[in-house]
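Encoded as C-alpha cells, the structure appears first; notes follow it.
Values in this text are rule-based calculations from the coordinates and carry no lab data. Quick caveat, the model's predicted, so the values are computed rather than measured. Reconstructed Cβ throughout: ideal geometry from the backbone, glycine too, with neighbour counts over all protein chains shown.
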Amino acid sequence: MNEPDDEELAQSVLVEAIENQIRDGNPAEARNTLNKLMLVGTAREEAVQMMATVLAVEVRAILKEERAFDTAWYIKALQALPTLPDEK
C-alpha cells in the first residue's frame, strides 16, 4: 500500500476539518452551505470538496500573510459556493 503524498494528506486534513465544522455546526454556515449545495443537486462529496477548497485558500493566505484566520471572509466564501474563490 502506497503512502499518501503531501497533497493527498493535506486534502484529507482539509476534508476532515470541513466534516468537523459540519458536525459541530461551527461555523453554522458550514452546515448551511452543505445543505444549500446538496439542495441544488451537488453530490455531498463534491460539496465537501468545494468547501475544503475554500478552507485551503484561507489557510494558504494565513501562511503567506502570517495572520489570523479571517472568519468573515471564510463565511462569505462559503456562502458564495458553488463559485470558488480566487487565491487571496
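Helices meeting the span-like rule in the chain (full DSSP H runs, Cα extent of at least 20 Å along the helix axis, mean Kyte-Doolittle score of 0.0 or higher): 44-65. Rounded to the nearest 20 debye, the dipole size of the chain about its Cα centre is 560 debye, using +1 on the Cβ of Lys and Arg and -1 on the Cβ of Asp and Glu. Applying the criteria of a DSSP loop state and at most 13 other Cβ atoms within 10 Å to the chymotrypsin sites (Phe, Trp or Tyr not before Pro) of the chain yields PHE69. The fraction of all Cα pairs in the chain landing in successive 10 Å bins from 0 to the largest distance is 17, 51, 26, 6, 0, given as whole percents. For the chain, which GluC sites (Glu not before Pro) are in a loop by DSSP, counting at most 13 other Cβ atoms within 10 Å? Passing both the DSSP loop test and the Cβ count: GLU66, GLU87. Considering only VAL40, LEU9, VAL57, the residue lying farthest towards the positive end of the dipole of the chain is VAL40, judged by Cα position with unit charges set on Cβ.
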